[in-house]
Structure formats: C-alpha cells, structure tokens
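None of the figures in this text is laboratory data; all of them are computed from the coordinates on show. Keep in mind the model is a prediction, meaning the values are calculated, not measured. Note: ideal-geometry Cβ built from the backbone for every residue, glycine included; neighbour counts use all protein chains shown.
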C-alpha cells in the first residue's frame, strides 16, 4: 500500500487549549469539519508554519513541511501554501491586481503571469482589478483572496471557512466559484468549515475535529451522519446534498441530473447546463414500499435500502437511488413496511423541499 | 540683515532639519517597530529612556551632548583624533535637533506599527516573502501615514530647536545660526526688525509643513486604514 500523500501529526497547547491531531489521507480534496473553537484554525496556522507547535510532523500534498526528522521545519515563506483566510484579508494599500500579483515580488512564482491570468479567469474578477478592498463586496473580496492564493503558484490551497463571513446569496455564488476551482485546477485542497452542507459537497474526505482532536475521518456521507458526529452536523446541516446540472427546463420548473444519473424536478426555471447544488432534509424524504399511485410529489425515485439504523423511536434509512439518500422515519414505519437492507422501495420527494445551496 | 542673509539662515535651518530627520529615520522607525511588535524584559524602561529627550529641558539635553561630543568627551575625543570637530558646527545643530526629534518619530512609528494588523504580515509570509520583504511591502506601507506624520513632526521640531542647539552649536552667524537661534540673538542685540523678519520666515516654514501634512496625509489619524487611500487617486 502506498503511503498517504498527506500526513499530519501536530500537538500544541496554547492558552489552556490543547490541540492533538493525527490524520492521514490521500484524497486530493479534504474537508476539516468541526464546530467553532474546535481547533480548526489553529491547525491550519500550524500547517502554514505560523504557530510554533510542540510537536509537528506534517506532510502535505506529498511534501514534508515539518519533519520527517524532528526539528526540520520549513519557514512560512518556504511552504508555498495558498492560504485563504476567513475574512479575505486583502491588503488595503493595494489594488485588486496588486493583491493578486502580490507573490510575484518573490520572483520565482511557478507559471508567473499564466498563473495570474488563470486565477483572474477562474474567479471572474477581471472587472475588479483596479479597485481596492474597501470598494468590494464581501463575496468579491473572498474571490480576490482565492485568486491571490492561486496566483502564488501554491502546492496546495488552504481555505479557512471561505464562506463563513458571507450572507446566503453571496455564499451560493462564491461556493460555485470554489467548486469550479476545485474541479478545474488539479490542486490539493484543505477546506475548513463548520457547515455540514459545505463539508458534504466540498470533499472526498472529511476529517472531523472536536476539542482539538480528530473524532472521525472518512467519506463525507459515512462520517457526517455517523453517531459520533451526528450531534454536530444535525443541528446545522441538510442530511442530503446533491450536486447536479440542469438537463432540461420549462416555464416554471426544470429537471436536473447528477453525474450518476439521478434525475430530479425543481420548481424553478434555470438555464440548461447550469450547475446546482441541492440540499434536502432527511425528514422530507418519504418512503413507500409499493409503487405509489397518483401523488403530488414530483419526484418518485426507485431505490434500494442500503442501511437501517434504529435509535429509540427514530430510524435513519440510507437509500441508493442512483445517488445515496438519507431518510428519517419512525421506528414504527420501519416495522410496518418491513424495511431492511436490500428492500426495494420508492423515495418520494416534493420538489419544494429541495433547497438550492449553490 | 540682507535678503541674502535671511535666505542663508532659512537654508541652514532647512538643512539642519532635513539632515537630522533623515539621520534618525532608520533607527527611530526600527525602534518603533521593536516596541510595537516585541515584548521583552525592560521594555518600559527602554521606552521611557527613548522618550526622555522629549520631556527633559532642551538645555539639559544640550549640556549632555556637549559633554559627549566636546573634545574631552568620549565621542568628541574619538572624532577629534580623526581631525573632525563637531561642536560649534552646523553638524552639532543637526545632532541636537535629531536627538530632540527622535522620541517624536519613534513614538509615532510605534503607534503606527501597533495599528497594523499582524495577520497581513503573516499572510504575506505565506505568499513567499521574507520578513524583510514583508516589512517593506506590507508593514511600512500600512503604517506609512503614521511614520510620515512622525517624521514631519520631528522635522518641524528640528526647525524650531533652540535650547540644545544653542549649547552645542553656539550662535555663530553664517555657520550655526538657524532661525530660532537668530531670533534670540537679534532680540538680544535689540535688532527687532530683523528678529521679526526671521519670525516671519519661521512662520512661513511651519505653515508650509502643516499644509503639507494636511494635504499629503489627509490630516487623518496615524494608521493604515483603507479609508486613507482615497486621497491618493
């Protein structure tokens, strides 16, 4: 088995807070998920070399930044990590263009002006180049900060709660840009968030941190709704997050399709080809054991039960409907419908319950 | 007093002020940065010592400088062996003006640097800049209004310096006679007309410096806030 391209072993204590992280992964995009105060930002600053750790052994994107021998450590300016801080932190004395070109001062930016143009294009900030930070909206600032990190030719991009400071309409917009950057530029990403929807959508691997320690690590769907993490994600998040594109459209509705062929109808008209990320609460998914007759729900999806978890009077049923779906039912319903792994069922989803996240 | 003499005195005053300010700029700014960014043992004592020339009677500062720079003083002795005389030259006036202006610049720089959010500096490091590059590309530009304000104050303080300068440079017409010294000596000689002419020149310089400060720095607070950028376009 080949060694994980990212290995993090960090221990430090600071003002009564102890961080003790041990994690390894090989996925290109990793999400570090946890509530505020869990130590995510401190971990990020340690990866950046900005916080001295009592113990740090860090390999990121295949390159050792701290270690492997004890005491060996790269200075922040040697790490070549593209940091996007929570509140953008654009240099106020520079224009947008000077901000994005900032790293060029060091003279050896990989790709140079090609990296600059690519960043400008990917974040669609060509019209903003002459402006200064105080003349930008929050979403624009965040996009410039991402472009600045990208244009520095980083070996990995580190995003610290990139959407946290934005209100909802802006979030959706910046999230679309981020997903585009993620998919088009083949750069490793470490994406920090406290938002379970973002965590589900962003990465192939989620590392959950609580009280300075890793409590779970694995694929988003398995990890975020596991018993250990559920209390963290349930209060805030949508159990189902679906990434799709508009396949056809009408006057008042459109039909979207995921990469794996699941089709859903939405009650809005959108241009064909547009990317949509949808959120759906587990308790909004109805399960029918028989083919439903004439129902108002616009989405009736044949599915197979893959897992049933009963806790008290509640049950969580995981379905495979082309895409995995989580439904929340009562324990009594499970019994009445005799649901168990392998059962063929129909999932009913009212189109109004599908919420567009991005 | 001829117009030529007036121009000469004004020119000397400007030269003393400019040399003094230029000379103290690097060390005072460096010290301001040190005080703003580092905590160390004895920091408040160091800060108090740096502020001393600002609060001591200038004549006392002048006496200290005279003892230090005079032929029998530790520094003066060294220089005079090299054939350099400091005391009673315009260099002595510049040194006196620099010493008195130093705390103003160091203090203003310290406050300006303290107002710069260190997270910008950390960010610049991650973008590949060395600490020195970060200072010149981020810290100093963000603090420049405060630093310039301090430099301007030190300069205007130097233009008007009297007590320390009189002791260490004397009042030698054509050699060390600055505006402030000139006014005093003309009053002593009851040449009130000349004294008033020198006063008018001082007034003009001070006004020009203040107008410069208002126009150039927007007259605002000494910090690197983005609002201060508007005036530059």
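Some points to look at:
- Stokes-Einstein diffusion coefficient of the range A:277-356, Kirkwood radius over Cα pairs, 37 °C, 0.692 mPa s, in µm²/s: 260 µm²/s
- Only DSSP H runs of four or more residues enter the estimate; each adds -39500 (n - 2.57), and after division by the residues of chain B the mean residue ellipticity at 222 nm equals -24000 deg cm²/dmol.
- As a proxy for reagent exposure, A:194, A:55, A:252, A:93 were ordered by neighbouring Cβ count within 10 angstrom, fewest first; the result is A:252, A:55, A:194, A:93.
- The orientation-averaged projection of the convex hull spanning the C-alpha atoms of the protein assembly as shown amounts to 37.2 square nanometres.
- Antiparallel %, DSSP beta bridges [both residues in the range A:41-192], to 5: 40 percent
- Extension gain, residue A:87-residue A:75: 0.36 nm per intervening residue step, less the Cα-Cα distance, totals 2.0 nm.
- Averaged over the residues of B:126-139, the number of partner chain Cβ atoms lying within 10 Å of the residue Cβ comes to 6.
- Across the range A:21-109, Cα-Cα distances exceeding 17 Å account for 59% of all pairs.
- Here residue A:3 and residue A:308 are evaluated by their C-beta separation; at R0 = 25 Å the FRET efficiency comes out at 0.10.
- For the range A:22-73, Kirkwood radius (reciprocal of mean inverse C-alpha pair distance, Å): 12.1 Å
- Alpha-carbon Rg/Rh ratio, for the range B:23-125, with Rh computed the Kirkwood way: 1.09
- In chain B, the convex hull through the Cα atoms has an average projected area of 15.5 nm², a quarter of its surface area.
- By the Stokes-Einstein formula, at 1.306 mPa s and 10 °C, the range A:120-248 with its Kirkwood radius over alpha-carbon pairs has D equal to 99 µm²/s.
- Likely footprinting exposure, B:88, B:35, fewest C-beta neighbours within 10 Å first: B:88, B:35
- Computed lengthening from residue B:79 to residue B:30, 0.36 nm per intervening residue step minus Cα-Cα distance: 15.0 nm
- Ranking of A:127, A:22, A:160 by count of other Cβ atoms within 10 Å, fewest first: A:127, A:22, A:160
- Principal axes of the range A:201-358: Cα extent on each, largest first, Å: 49, 38, 23
- The alpha-carbon positions of the range A:61-193 define a convex hull whose volume is 113 Å³ per residue.
- Per residue, the average separation of C-alpha pairs within less than 8 Å and at least 6 apart gives the range B:1-115 a relative contact order of 46 percent.
- Label-point gap, in nm, between residue B:41 and residue B:8 - each point 7 angstrom along Cα→Cβ: 5.6 nm
- Partner shielding of A:45-53 amounts to 2, given as the average count of beta-carbon atoms from other chains within 10 Å of each residue beta-carbon.
- Working from Cα pairs under 8 Å separated by at least six residues, relative contact order for the range A:128-222 is 23 percent.
- In chain A, the calculated helix contribution to ellipticity at 222 nm averages -6500 deg cm²/dmol per residue, counting -39,500 (n - 2.57) for every DSSP H run with n ≥ 4.
- Counting only DSSP beta bridges with both residues in the protein assembly as shown, the antiparallel share comes to about 80 percent.
- Chain B: angle of helix B:140-160 to the longest principal axis, Cα-based, in degrees nearest 10: 10 degrees
- For chain A, the longest principal axis of the alpha carbon atoms and the long axis of helix A:112-123 meet at an angle near 30°.
- In chain B, Cα pairs under 8 Å separated by at least six residues give a relative contact order of 28 percent.
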